[in-house]
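**Q** Have a look at this one.
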């Protein structure tokens with residue numbers, strides 16, 4: 001078998017490694033430039049590494065009503081769980097809470113990235129790659145718990161950890177149920193858009 005750098009069994013590990021390194025660099029050297037460029041670089045890398053998958057993607061899936069129904073259900077359940085857990089965390093810690101992303105919302109690219117780039121990249125990493133791999137090799141619960149813990153940890157907030165963990169678990173379930181990453185990408189987009197609108201109204 002021909003050995004290539006992006007052969008199937010290695011490209012997931014390569015992408016996760018690059019994703020982690022770019023995020024670490026962006027976090028350590030926070031500036032308008034690193035925050036603006038990092039999601040664009042990651043999305044470009046994803047499209048290059050998974051070029052075959054992007055080329056074979058069937059756009060007709062967006063014509064299926066069931067996709068939007070499932071995404072809507074995932075959105076509602078995730079928002080209710082996350083809101084309840086975040087409220088409980090706020091009462092427990094008795095302080096205002098915010099994650100790193102929320103602190104950076106004054107940078108124009110962040111809201112755009114949150115709606116357009118983050119859902120695709122995060123669902124690819126945490127649901128398709130991490131959960132998908134562990135679900136096949138172990139079982140649903142091990143895959144969903146580990147991937148959801150990593151998803152929550154990636155948002156850099158102890159107070160909001162359980163809220164993000166709940167969202168991760170909901171998305172894993174709907175991804176497993178639908179066998180389509182589009183469902184969770186749409187639901188993720190809805191949530192991030194709701195956060196942006198809420199923040200705009202409050203401020």
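**Q** Roughly what angle does helix 8-28 make with the longest principal axis of the chain, taking Cα atoms, 0 to 90 degrees, to the nearest 10?
**A** 30 degrees
**Q** Could you list the residues of the range 120-154 with an amide nitrogen less than 15 Å from a label point located 7 Å from the Cα of residue 24 in the Cα-to-C-beta direction?
**A** 154, by backbone N distance to the label point.
**Q** Right, something else. Nearest 10 degrees is fine. How inclined is helix 181-202 to the longest principal axis of the chain, computing both from alpha carbons?
**A** Relative to the chain, helix 181-202 is tipped by roughly 20 degrees.
**Q** Relative to the longest principal Cα axis of the chain, at what angle does helix 140-153 sit, 0 to 90 degrees, rounded to 10?
**A** 60 degrees
**Q** Then there's this: State, to one decimal in nm, how far the label point of residue 73 lies from the label point of residue 93, with both points 7 Å from Cα in the Cβ direction.
**A** Placing both labels 7 Å beyond Cα along the Cβ direction yields 3.3 nm.
**Q** What percent do you get for the relative contact order of the chain when only Cα pairs under 8 Å and 6+ apart count? Show your work: numbers first, answer last.
**A** Working: 176 pairs, mean separation 52.5, N = 203.
Contact order relative to length: 26 percent.
**Q** Hey, another quick one. Could you pull out which residues in the range 170-203 have an amide N less than 18 Å from a spot 7 Å beyond the Cα of residue 62, following the Cα-Cβ vector?
**A** 180-191, 193
**Q** Per DSSP helix of 4 or more residues, -39500 (n - 2.57); summed, then divided by the residues of the chain. What does that give at 222 nm, rounded to the nearest 500?
**A** Details: 11 runs with 151 residues, N = 203.
It lands at -24000 deg cm²/dmol.
**Q** If packing is taken as the average number of other Cβ atoms within 10 Å across a peptide's residues, how do 136-143, 191-198, 60-67 rank, most packed first?
**A** Working: 136-143: 12.2, 191-198: 15.1, 60-67: 10.4.
So the order, starting with the most tightly packed, is 191-198, 136-143, 60-67.
**Q** Convex hull volume of the Cα atoms in the chain, per residue, in Å³?
**A** Values: hull volume 27.0 nm³, N = 203.
Hull volume normalised by residue count: 133 Å³.
**Q** Give me the distance in nm between label points sitting 7 Å out from Cα along the Cα-to-Cβ direction at residue 34 and residue 176, one decimal.
**A** Taking the two extended label points, one gets 3.7 nm.
**Q** Now for a different question. Pick from 76, 24, 170: which is most flexible by mean-square fluctuation in a GNM of the chain where alpha carbon atoms under 10 Å apart are linked?
**A** 24
**Q** Rounded to the nearest Å, what's the spacing between the alpha carbon centres of the range 136-203 and the range 17-51? Just the number, please.
**A** Taking the Cα centre of the range 17-51 as reference, the centre of the range 136-203 is 20 Å away.
No value in this document is a laboratory result; all are computed from the given coordinates. Quantities reported herein were computed from a predicted structural model and do not represent experimental measurements. For neighbour counting, all protein chains shown are included, and Cβ atoms are generated from backbone atoms with ideal geometry for every residue, glycine included.
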